[in-house]
Amino acid sequence: MEEPLDVAQMRARTSAKWRAFPPDVIPAWIAEMDVALAEPIAAALHDAVRRSDTGYRWPGDLPDALAQFASQRWGWQVDPQHVLLLPDVITCMRQSIEALTEPGAGIVINPPVYPPFFSTIAQAGRRVVEVPLVADAAGRLALDLPGIERAFAMPEVGGYLLCNPHNPTGAVLPREALERISHAAQATGVVVIADEIHAPLAYPGVQHVPYLTVAPPTAPAVSLLSASKGWNLAGLKCAQVVAGSPACMERLQERIPMEAQFTTGHFGVLASIAAYREGIDWLDATVLDLQANARLLAGLIDRQLPGVRYQVPDASYLAWLDLRALGLGDDPSAVILEQARVALSAGPTFGSPGEGFARLNFGTSPQTLQAIVARMSVLT
């Protein structure tokens with residue numbers, strides 16, 4: 001991977017990250033990385049443009065490419081016949097909820113969690129059932145497994161949106177926790193929809209365990225995946241739903257409209273094939289850089305932001321910052337934007353447990369990360 005790009009280089013981009021705020025703001029909010037595109041992906045897209053290959057998407061080799069990557073990365077044997085394409089994981093989430101659960105059903109989530117979990121459940125005509133994260137013995141936020149089991153036993157609960165690796169904490173669940181969730185789901189008939197979009201970004205020494213590798217082969221469960229986070233391809237609109245059983249796949253095919261499937265981007269398909277097959281070296285180098293940035297951020301916070309609490313994540317480029325000691329109110333990101341000119345994701349949008357918190361994207365250059373913390377230090 002090339003060196004992460006600095007702020008001056010990034011300002012030439014026209015994506016949401018770089019256009020939502022004035023030029024004097026350093027953006028560290030939305031989940032885009034400040035990196036150059038992997039060369040195999042760039043080559044695939046340039047080749048498509050040269051062919052004027054800009055039509056509607058076709059799955060092509062993508063299910064096989066995903067299966068090959070999953071086998072090599074996680075030891076997960078994905079049946080390519082159980083892979084369905086949709087434009088993004090939020091669409092995968094909504095379509096899976098509507099296809100696999102009943103209208104009005106309760107859907108369990110674990111706040112603080114990715115904000116679209118709340119809105120997507122509501123838009124699908126289901127109800128949010130919150131089982132917030134709790135602090136474990138080491139003080140890290142973790143799943144409340146007894147609370148999840150109690151929620152699954154509620155007659156109105158029909159589904160569970162699992163976020164692993166977790167957004168915003170970056171925690172990767174151990175196999176034992178996933179097995180316990182699977183047992184509870186089997187006992188109660190709850191459908192598990194596992195958002196695993198950040199899985200390619202698990203750090204060295206951290207083993208991501210796909211949910212479908214612990215669920216029984218007949219379980220009503222799906223995994224939601226995409227190359228968009230691992231290879232920085234969000235704008236190309238391509239994600240994958242992997243069904244846990246033939247019956248589950250049949251139900252998805254029956255209930256997810258074809259027009260939803262055809263909103264997947266053709267360039268997204270081509271880029272994803274290149275990522276899964278030829279982008280592994282780039283991914284591995286990027287993950288090492290992200291892990292280094294995660295540790296750098298911990299040191300910067302210790303030295304320059306006394307009172308701020310942050311646990312180095314297991315995966316990805318998101319830092320969940322406990323800013324309550326600074327006395328910046330329920331939404332510290334608003335004060336940080338106004339006074340430090342740094343844009344973070346607002347903690348309260350991740351649910352009420354996010355009050356006093358903010359999410360910081362450290363998928364940037366070390367120099368930019370240092371500048372972000374230096375700016376924030378004026379508030380201490």
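The values are calculated or read from the model by the stated rules, or taken from the named source; none is laboratory data. Just so it is clear, the model here is predicted, and its values are computed rather than measured. FYI the Cβ positions are ideal-geometry reconstructions off the backbone, even for glycines, and counts take in every protein chain you see. The area values use the complete protein model at the heavy-atom level, side chains included, leaving out ligands, DNA and RNA. Shrake-Rupley method; radii C 1.70, N 1.55, O 1.52, S 1.80 Å.
If you check G299 against the conditions, is it over 21 Å from N361 (Cα atoms) and open to solvent by less than 30 Å² (accessible area, probe 1.4 Å)? I'd like the intermediate steps shown before the answer.
Working: over 21 Å from N361 (Cα atoms): no; open to solvent by less than 30 Å² (accessible area, probe 1.4 Å): yes.
No: the conditions fail for G299.
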| task | Report yes if A105 is more than 21 Å from S245 (Cβ to Cβ), aliphatic (A, V, I, L, M) and in contact with a strand residue (DSSP E or B) (Cβ under 9 Å, 6 or more places away or on another chain), otherwise no. | result | no
| query | Does any residue of region 237-254 turn out to be open to solvent by 50 Å² or more (accessible area, probe 1.4 Å), within 22 Å of the chain's Cα centre (by Cα) and on the phi > 0 side of the Ramachandran plot? | reply | yes
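Picking from L145, L141, which residue would you name as being of a type in the set (A, V, I, L, M) and in contact (Cβ under 8 Å) with a residue 60 or more places away in the chain? Give the steps one after another, and end with the answer.
Values: L145 fails: in contact (Cβ under 8 Å) with a residue 60 or more places away in the chain.
Being of a type in the set (A, V, I, L, M) and in contact (Cβ under 8 Å) with a residue 60 or more places away in the chain holds for just one of L145, L141, which is L141.
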| field | Residue match in region 61-70 (condition: touching a Leu at 6+ places or on another chain (Cβ under 7 Å), of a type outside the set (F, W, Y), open to solvent by 20 Å² or more (accessible area, probe 1.4 Å) and in contact (Cβ under 8 Å) with a residue 24 or more places away in the chain) | value | no
| task | Please identify the pairs in which a residue from region 13-35 that is of a type in the set (A, V, I, L, M) has its Cβ atom under 7 Å from the Cβ atom of a residue that is part of a helix (DSSP H, G or I) and open to solvent by 20 Å² or more (accessible area, probe 1.4 Å), counting only partners at least 6 apart or on another chain. | result | V25/L337; I26/V7; I26/A371; I26/R375; I30/A16
| message | So for region 316-330 (the condition being over 25 Å from V172 (Cβ atoms) and either modelled with pLDDT under 95 or under 20 Å from the mean Cα position of the chain (by Cα) (or both)), does at least one residue qualify? | response | no
| note | W76 passes all but one of the listed conditions (1) of a type in the set (A, V, I, L, M, F, W, C); (2) in contact with a Pro (Cβ under 6 Å, 6 or more places away or on another chain); (3) outside any loop (DSSP other than H, G, I, E, B); the exception is number (3)
| task | Check A334 against each of (1) out of contact with any helix residue (DSSP H, G or I) (no Cβ under 6 Å at 6 or more places or on another chain); (2) open to solvent by 20 Å² or more (accessible area, probe 1.4 Å); (3) in contact (Cβ under 8 Å) with a residue 24 or more places away in the chain; (4) in a helix (DSSP H, G or I) and name the one condition it does not meet. | result | (3)
| query | Is region 371-380 home to any residue that is of a type in the set (V, I, T), part of a helix (DSSP H, G or I) and in contact with a Lys or Arg (Cβ under 9 Å, 6 or more places away or on another chain)? | reply | yes
| What about I273, is it open to solvent by less than 10 Å² (accessible area, probe 1.4 Å) and among the hydrophobic types (A, V, I, L, M, F, W, C)? | no
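Per-residue answers, yes or no, for (1) crowded, with 20+ Cβ neighbours inside 10 Å; (2) of a type in the set (D, E, K, R); (3) in contact with a Pro (Cβ under 9 Å, 6 or more places away or on another chain); (4) not in a loop (DSSP other than H, G, I, E, B):
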site: T14; (1), (2), (3), (4): no, no, no, no
site: P22; (1), (2), (3), (4): no, no, no, no
site: I30; (1), (2), (3), (4): no, no, no, no
site: M33; (1), (2), (3), (4): yes, no, yes, no
site: A36; (1), (2), (3), (4): no, no, yes, no
site: A43; (1), (2), (3), (4): no, no, no, yes
site: V49; (1), (2), (3), (4): no, no, no, yes
site: D53; (1), (2), (3), (4): no, yes, no, no
| task | Report, by residue number, each residue of region 303-339 that is polar (S, T, N, Q) and more than 22 Å from C163 (Cβ to Cβ). | result | Q304, Q339
